[in-house]
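Every number in this text was worked out from the coordinates using simple rules, so none of it is lab data. Small disclaimer: the values here were computed from a predicted structure and weren't measured. Cβ atoms come from the backbone with ideal geometry, glycine included; neighbour counts cover every protein chain shown.
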Amino acid sequence: MGLITGLLTLPIAPVRGVVWVAEKLQDAAERELHDPAVLRTQLAVLNKELEDGFISLEEFEREEERLLDRLDAATARPAPRDRRCLTHG
């Protein structure tokens, strides 16, 4: 980036920084949402909550079905890749 371009785009630099941070947060959230290890841990916690009497069987079954659906979807699709690889490579 040249000096003139750098000076002209300086006022929008904070916006670019915020966009970059937002993209990184979204990527991390998507990885966690679809990570099979995280989903299995959530299933284990759910089982423990049922065993300890913190949730009803109905609540357990509803949440278990939701988590198993997410786990099936996570293992059926390829792992999310970095956006830079998709747009520049």
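Give me the distance in nm between label points sitting 7 Å out from Cα along the Cα-to-Cβ direction at residue 22 and residue 60, one decimal.
According to this spin-label approximation, the distance is 4.2 nm.
How much of the calculated P(r) for region 1-69 lies past 14 Å, in percent of all Cα pairs?
72 percent
Under a point spin-label approximation (7 Å from Cα along Cα-to-Cβ), what is the residue 72-residue 12 distance to one decimal in nm?
4.5 nm
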